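Worksheet: one structure, shown below.
The values are calculated or read from the model by the stated rules, or taken from the named source; none is laboratory data. These figures come from a predicted structure and were not determined experimentally. No Cβ is skipped: glycine too gets one built from the backbone with ideal geometry, and neighbour counts run over all protein chains shown.
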Amino acid sequence: MRYRIVQEGESRSFPNGDPLLDGASADGEAVLYLGASHVPDISKKAILVELGTECLGAHTGEGYGDEGSNVLGFARYRNGDDPPSNLIELVVQPNSDPAAIETARALFEKTGLEVVVSADQAGRILDRLLRPVYNAALRFLDEGLASAEAIDTTCRLGLGYPDGPIERVMRGGLAHHHDISKALFEAYGTAVFAPARRAVVAKQRAALRADLGGRRSEPAVEPGG
């Protein structure tokens, strides 16, 4: 299947060197928009828009619950700066074109990715499942319920997780977790998405470091200058 890519900046789903980027053509049956505003085109089988935490409707508009076309959303799950996983969350609307869904599925599976279909909800499936778990684990740590090692060991041995929630959220970056969790909290207003204290502190530290770094780079001002 031939597909075209329109890209602005680096994609979280497909960083530089990814096989999907290398396989793009000058034109094709589908167009992927990575960090770029999409252009509707009914002549294409599928228009695929890379999403952050936002809904596809933010890009397409919505109307009375009957929205849908050949424009679909997608996100490849990635834990912070870890390499992207092999999972694509394909976002559809109530009246999305079935042919567009099959085209998107075939395109991604062609490069060895697994595809799951999600309704158009902020955070989709994985972030809505995982962010409350990370927040709960961080709050347990704050409350002194157990050490980080004990929490992670319990989840690995008791639940069969490949790694524990503390080590995973720390590896992905607490400031990164803060941003996603905060966006979901603002979207849903549910307490489980409110960023845990340690994530808030990490975000504040990152902001202070950036501010101090900017001040240090400013030229010194001579007295009376």
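The single condition among (1) surrounded by 14 or more Cβ atoms within 10 Å (Cβ to Cβ); (2) more than 16 Å from the chain's Cα centre (by Cα) that LEU159 does not meet is (1). Here the helices (runs of 4 or more DSSP H) wholly within region 1-111 that include at least 3 residues being modelled with pLDDT of 95 or more and either among the basic types (Lys, Arg) or closer than 27 Å to HIS178 by Cα (or both) are 57-60.
Listed by first and then second residue, the pairs with beta-carbon distance under 7 Å, at least 6 apart or on different chains, first residue in region 121-136 and touching a residue at least 60 places away in the same chain (Cβ under 8 Å), second of a type in the set (D, E, K, R) and in a loop (DSSP other than H, G, I, E, B), are ALA122/GLU54. Taking first residues from region 155-166 that are within 15 Å of PHE140 (Cβ to Cβ) and partners that are among the basic types (Lys, Arg) and part of a helix (DSSP H, G or I), the Cβ contacts under 8 Å between residues at least 6 apart in sequence or on separate chains come to GLY164/ARG156.
Every listed requirement among (1) touching a helix residue (DSSP H, G or I) at 6+ places or on another chain (Cβ under 7 Å); (2) loosely packed, with under 14 Cβ neighbours inside 10 Å is met by LEU72 save one, (2).
If you go through region 162-172 and pick out every residue that is within 16 Å of the chain's Cα centre (by Cα) and surrounded by fewer than 18 Cβ atoms within 10 Å (Cβ to Cβ), you end up with 1.
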